[in-house]
Structures are given as C-alpha cells and as structure tokens.
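Heads up: the structure comes next, in structure tokens.
Here, each number is a calculation from the coordinates, and none is a lab measurement. This is a predicted model, so every value here is computed, not measured. Positions of Cβ are backbone-derived with ideal geometry, glycine not excepted, and every protein chain shown enters the neighbour counts.
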Amino acid sequence: ALLQVCCVMLFLAGEAKNLGPSSGPNRLRDLCTFCTISLDQEEVYRTKVYEKSVSPFYGEDFYFEIPRPFQCLSFYVYAKSMFQIRDLPVGKVAIRKEDLYKYCGKENWFQLQPVDPHSEVQGKVHLEMKLNELITENGSICQQLVVQIIACQGLPLISGQNCDPYATVTLVGPARSDQKKTKVKKKTSDPQFEETFHFEVTRSSSYKGRSHFHVEEEDIEKLEIKVELWNNGNLAQDVFLGETRVSVKILRNDHIHRAWYLLQPKGNGTKSKPDDLGSLRLKVTYTEDNVLPSACYTALRNLMLKSPDVKPISASAAHVLGDICRESVGYEALLPVVRLLLHHNRLLPFLTSVAALELENTQEANTIFRGNSLATRCIDDMMKIVGRSYLTVTLKPVLNEIFESNKTCEIDPVKLKEGDNVEVNKENLQGYVQKVFTSITQSSSSCSPLMCDVFRSLRQLASKRFPADPHVQYSAVSSFIFLRFFAVAVLSPHTFQLRAHHPVSPEISRTLTLISKTIQSLGSWGSLSKNKLNQSCSCFCCDSSFKETYMYDFFKLFQEDECIEKVKKFLDEISSNVSKESSGVEDSFVLKEGEVHKRAQGRKRIGQKNFKKRWLRVTNQELSYHKQKGKEALCVIPVKNILSVEKLEESAFNRKNMFQVIHSEKPLYVQAGNCVETNSWIEVLSQVSRCNPGRLSTFHPSAYVGGFWLCCKETNESTPGCKPCTATLANIQLDIDCDRETERIFSFFSSSRSRLQKMEDACAGMSVYLGQQEDCSAFTIQDPKETFRTIKELGEVLDDLQAHHDLKGALTDEPGTM
C-alpha cells in the first residue's frame, strides 16, 4: 500500500487596509471590494462585497478539504465599479505550499502585490538533460546538449477550459540564444510531449562553420536551458503559462539529469514597492496528513476504541488526549476521536461517561453544561457531524426566505437609520423569529437518532445529579440543542452549508444575530418555571438578552406560557424513549443549487457546443437543471432514481472538475466551477441518494464515446462498470476515513509527548505519595494507577507507529528539484 497524503485548509479572511494606490484618481474610496481565494489559478471561494471602504473588514472563515495537489494558495482583492464591465484587481497575496507552515495558526499582515499576467503561473514540467560527445567529419570532438521535454502536469485552465499548450526550449548564454519549439497539444492540462532537442555547446578549434557566436569549452557553466510553456491562442495572442531555468553546469557530475521543475513567473516575478497597494490580514491553518497503510494503525485504533469501557473514563486514551492537548490546541484534538468512535458505534457510551464526569464536578444546576469542556466539545462535534441534514430540513427553507425577502429588522434605537420605523422592524423580526421557532419546535421527527440517544442520556444524568430540581432535565438538553446547535447555525448559516456564502448584506447579518439571540432565550425558557422566568430570568442567555431594554420590550410580544410549553414538548420529544414518526408528506427543500456546465444528453459529436451553461438544483426529492435560475426545469431526475454519483476522468471530454450522475437513463455529465465545488456536489448528491435501492457497486470512470467505453474499451454500452464505486451501501452511512482519523490522533499525541510525559510523572507521584500533588492540577487523574497503565501503553504504541513513519519516509524520501 502507498502513502496517502490528505490535506485540509482552514483560513480566516480578516481585514484589509489602505487598499489601492496611495494617491491619485485610482484610490478606492468609492468602490466596493471583495476577496477571492484560489488554489493556484482556480478560484474556490469569495467573500461578501464590502461597500466603499479602503479598509474593509471581511471577517469570514472557510474550511475545506483540498481535493488535488497544488503549488500556491492565493488571495486576490478586487474592486467593483458601476462603470466597469470586469472587476478590477487591486492586488494579491500568494503563499507557496512549502511556506504555509511559517504562517500556520497565526494572524499575519501581508503586503498586496500587483496582479501581473506573467506572474500567474501553476504546474510543473518534466525534463531530461544530457551531454553527448560527437566526432565530426574531420575527426575532432565536440559536445552536444540533448534536452527532452517529457511532460507537464497541472497547467491552468484558460477561460474555464483546458489549454492548448506548447513549450519553447532555449539555450541561453553570454553570446547566444538558440530557441526551439514543441508541437501544440490540444485541450489538456497534463500534456505528454516526449520531444527531444539538440544544441551544440562546444566546438573543436578546427570548426569552420559560419555562425554569429563562438563558445569555448570553459563557457559551458555560463549556459542555461530556459523552458517556457505557452497556450496557443490560434487567432488570439498566446498566453504565457510559466517558465523554468536550469543551468547546464548541473551536468558537471552527472551526464544525465532528469527531474520535475515547478513553473515560475516570467523573470521570477516582479515586486512592488511596500504599501503601494495596501495589505491583507489573514489567518491560515494548513494540515497535511501522511496516512500509512491501515495495518499500521491497528494498535492505536484499538486503544482508542477501548476508551468507553475504561473505568474511570479519565484514565482512557481518548480522555488523556483531550487532557494533554487542552493547553496547546484546546479541544480540537477531540474531533478525530469523535469521528473514529462514531464510525465504530462507540460514541454514545463515551459521551455518556464524559458527561457524567463533568456533572460530578458541577455544583449548581443553573450552570450545567455551560462551559467549554471536554464533554461539551465532544457533543458539539457529534451534533455538527450527524446533525447536518437535520439543520438542512429544519432551517434552510426559512433561512432562504429571510435572505430573499431581506426585510429590515433593526430594533436597537442607536442603530436605526434615517427613515426606519422601529415598530415595522419589530413586526418583521417577530415574524422571522416565529417562523424559525416554529420550524424548530415542530422538527423532532427529523432529529438524528444518535442525537436523541445522547439527549436522553444527558437528561437522565442531570436528573440523577440534581434530583431536587425538576427543570434541570430540560436545561441539560436545551443547552446543546438551542444554544450550541440551532442558534449557532442561524448566526452563521454558511458554516453549516445552509447557505453558499457569508451574507452579502450587513443588514442580513444583523437580522441573523437578533434571531439567534432570541432563539437562545426562547429555548432556555423551557427549562424555567413561570416563577423563575419572572424572577429576572436567572438563565445565562435570558439574563444577557434582558440587559438590553429594546430586547426586553421585544420579548413582551411573545406569549411566555405558550412558548414554554412548546419548548418543553419539543425537548421531551427529542429526549424520550418514544419513537417519533413524521406526520404527512415531507416538504421539498433545496439542498444545493448553482451554475454549472452540462453535457448534452444527445449523441452529437464531442465538442464545445455539447456543453451548455445550466442552473443545477438538488432538493431532498429531485435533481433538476434549468436554463437559468428561476426558470422552468428542462429535466427532472427523481432522487430515488439516482444509482451512483462519481467523478469523471478529465480525459473523457478534456475538461476538469467533472462528475457524473448515474441514474435509470443516460448518465448526466456535469462540470462544476472548481475542484472544491465538484466535491461539494458529489457529497450532497451522494448523501441524498444514500438509501436508494439498487445503488451500483461499480461504475465507468470515463464516457461511452465512438462505440466503446474510453476507460475499459468495452464496446457494449450496458457493460457493468470497471471500477468500484467510492460509496457503496456498506460504507455510505458516514464518510469517515478511520486511518486518516487515527493518523490525526497520532499527530496530536506526537506534538504533545512532553505533556504526556508530565502526566505520566504526575501519576507516578500520586501513586508513591498517595495524594494529589501540585503538578497534577493541570490533569484530570482519578485513578493514577489505571491512568499510568494507559499512558505506558500509549507510549509503546506511539513509538511503534513513529517507527513505521520513519521507515516509510526513508523509502520515499528521494532528492527533489522542485
């Protein structure tokens, strides 16, 4: 098995300052700006548009899996103008992949650099160089340089399509410049050239040929080979794709040199003066996991899976990991633990045990599960993983309505604009809140079974810990489902894939903030008696809301008794043993929609005309495409008819970012806007069709063209697929790569080995001196002997896994030239 490399990117687009030239008519005071994020030259995200400011605050975070190799992460700032057809590039920040570690996890200000077409490059070229000795006709010896252009990989798209690349090869010296050219390769980002060129580099003293140059043997080290990649523009101007330069002196020791080289900007790029274009504040976190063969992780995986059975739970490997990583990364290390236990159906007993441990240390019922702890973080992560579809069913329709209607809802007198009517705004906000509240309290039948099991367990534990308080059973559940789930999703819908982007309008962001705040307080009412509610609302969230007079006045619009009963009924339903059935026919709601290019379903010849721009829309009931957004559907495919959703090889139609929807009729071939969007479409369509009967186990990764399948050359169009589907009925329940999650756990343990050693020493000290020592306060150690045993076992497993990594690194670590 090969080493698998998996990459994740998390970054925050913070703010910009002093955008545009420092003086002159091009100052950006009257222009709106936005920021885009690109992998190499492929845009994957963009921020909202910020109005008329040279120092906009973007404040957006993005998290995504990187689905392909890349060289550079770039951030572009653009300005919008009413009088310009195209957005105006202000400047960019480009960070090479190998430099990301320098900025990882830290906020940095970056100077914007100019956007120069000759600096926008990506890809690499494979070269071979060697020196041959030739005997001339008169018997003298001269040297000849042989350069082979083997291939290129990862060249950029041109106008959204694969390019038509060719290469020029130039021998450059103090007194010469010989250039040769390859053939043009059509519609490919990974051309195979396999072309060889010959250059004379030394000549015998008896050479009599006429030439404008003369190179002596000692000048060889002054020569270099320059390879430039271009896109053939046909009738238009050719587009520069990148270059690389290799000195001929590299052949001093080796007569043959063969290597991959990253393409560079023309002349290695140009730098602008500092502060010319402004600066951009970014926080980037880049994670790269080198995943070994599955057998290497068996011991660590089994140790983690035993965690729910360890008594006390604080002595388990999972709890130890959370303990030692708390100071460095907070509870971020717990996410792979939650995913691993979830995949193996071991999460519920673990969550029950850590929640019970937290309740043992909780002294007041009104502070139950209010802090950021190991238990609350694990339950948060669980809800985000298994509750995504629940959020989509419950909140997406009403959020779409809020975004589309965009009614003014500001009720803070200080923030009212001229002409605003606070009573009208209050009515608008009340209508939105009522719709969100009703949607939530009537959604119990859609709640994930695992979430219900966890809530039932929390309810029982809370009642047992505080038997004299009849309302604590509700606050134990509402502190998660309202405060940490629904309210957060309303506040940041794009984070939960409920909306494609951050709200463009500041007014919508403010509306979502007010709705989220109100939902928190309404949700907490279910855990209060009427008397408690009237006694200044001791609940944390109600208290914080009621400190604002305008919010207190707004709450008078709601009938308290009715809200309390609705909340309690909802909390009872999602935390009881009673099986819930959905009432009536399930409403249709949009899961994802956007602009794509779709290949025609007919049998026309392959060509650009076969692909047309369409609006693709998937709901929980059907997949459809339209000529434009809002237009009548041109084709509708019921979700129940989808048999598989897979990526399509680039070679099928010479297009990147393609996927196919295999259903009862002809496959639907779709090209998404970028690699991240491709993965998003595949994920949504796979999830919505996961339980369909008759799902395929194999598929064709290419197309049926010219009377045969391009992938396996079979001539029968109905021949079963030649490649296993990536999501079969056996593993589609949760898309979790257990080896990768275990590798993440290993990396967290490895980065905290010093803390693990301190915890081991603390356990030893407690065992010897029979009591809590001063050095133990940073750890949760209930049973020092059992915890010590776990840590020793962890140490052995981690050392063994590190040895596997070292061995794999020694076998694969070859000298690189890129």
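Among all the aspartates and glutamates, which ones have a C-alpha under 15 Å from Lys723's C-alpha, if same-chain residues fewer than 8 places away are not counted?
Glu646, Glu649, Glu714
Decide, for the stretch 657-711, between rounded, prolate and oblate: order the square roots of the alpha carbon gyration tensor eigenvalues as a ≥ b ≥ c, take rounded if a/c falls under 1.5, and otherwise choose prolate if a/b is larger than b/c, else oblate.
In terms of gyration-tensor shape, oblate.
Treat the count of other C-beta atoms within 10 Å as a stand-in for reagent exposure and order Ile662, Ile402 from fewest to most.
Ile662, Ile402
So, R0 is 35 Å and r is the distance between the beta-carbons of Asp178 and Asp116; what FRET efficiency does that work out to, to 0.05?
The value I calculate is 0.80.
Just grab the label-to-label distance for Thr726 and Glu796, each label 7 Å out from Cα along the Cβ direction, in nm (one decimal).
3.9 nm
Shape call for the stretch 645-766 from the C-alpha gyration tensor, a ≥ b ≥ c root eigenvalues: rounded (a/c under 1.5), prolate (a/b greater than b/c) or oblate?
prolate
Distance in nm between label sites at Lys464 and Glu401, each 7 Å beyond Cα in the beta-carbon direction?
4.2 nm
Suppose R0 equals 25 Å; then what is the FRET efficiency for Asp238 and Lys187 from their Cβ-Cβ distance, rounded to the nearest 0.05?
Given R0 = 25 Å and the Cβ-Cβ separation, E is 0.95.
Considering the options Leu429, Thr376, Val337, tell which one lies farthest towards the positive end of the dipole of the stretch 336-472, charges being +1 on Lys and Arg and -1 on Asp and Glu at the Cβ, about the Cα centre.
After comparing all options, I get Val337.
Starting from the Cα-Cα distance between Ile150 and Glu364, subtract it from 0.36 nm times their residue separation and give me the gain in nm to one decimal. Intermediate values should be presented prior to the final figure.
On the way: separation 214, 0.36 × 214 = 77.04 nm, distance 7.13 nm.
Using 0.36 nm per residue and subtracting the Cα-Cα distance, I get 69.9 nm.
Going by a ≥ b ≥ c, the root eigenvalues of the Cα gyration tensor, does the stretch 590-724 fall in the rounded group (a/c under 1.5), the prolate group (a/b larger than b/c) or the oblate group?
In terms of gyration-tensor shape, oblate.
Which links in Lys598/Lys629; Lys181/Lys226; Lys396/Lys435; Lys222/Lys249; Lys306/Lys464; Lys407/Lys566 stretch past 19 Å when you go from one Cα to the other?
Distance filter (> 19 Å) returns Lys306/Lys464; Lys407/Lys566.
Could I have the simple spin-label model distance between Lys102 and Gln757, label points 7 Å from Cα toward Cβ, reported in nm to one decimal?
3.1 nm
Cut-off is 10 Å between beta-carbons; in what order do Lys97, Lys186, Lys417 appear when sorted fewest neighbours first?
Numbers: Lys97 18, Lys186 12, Lys417 8.
Final ranking by Cβ density, sparse to dense: Lys417, Lys186, Lys97.
Would you work out the charge dipole size for the stretch 216-351 about its Cα centre, treating the Cβ of every Lys and Arg as +1 and the Cβ of every Asp and Glu as -1, and quote it to the nearest 20 debye?
900 debye
If you put +1 on each Lys and Arg Cβ and -1 on each Asp and Glu Cβ, how big is the dipole of the stretch 96-177 around its Cα centre, in Debye rounded to 20?
240 debye
Report the gain in length on full extension from Gln430 to Glu717: 0.36 nm times residue separation, minus Cα-Cα distance, nm rounded to one decimal.
The Gln430-Glu717 span can extend by a further 97.5 nm.
Under 25 Å Cα to Cα from Lys283, which lysines show up? Leave out anything in the same chain fewer than 8 places away.
Cα-Cα hits under 25 Å: Lys17, Lys48, Lys52, Lys80, Lys92, Lys97, Lys102, Lys106, Lys271, Lys273, Lys384.
Compute the separation of the alpha-carbon centres of the stretch 323-384 and the stretch 282-309 and state it in Å as a whole number.
18 Å
Based on the Cβ-Cβ distance from Asp806 to Lys785, what FRET efficiency comes out when R0 is 22 Å, to the nearest 0.05?
With R0 = 22 Å, the Cβ-Cβ based efficiency is 0.10.
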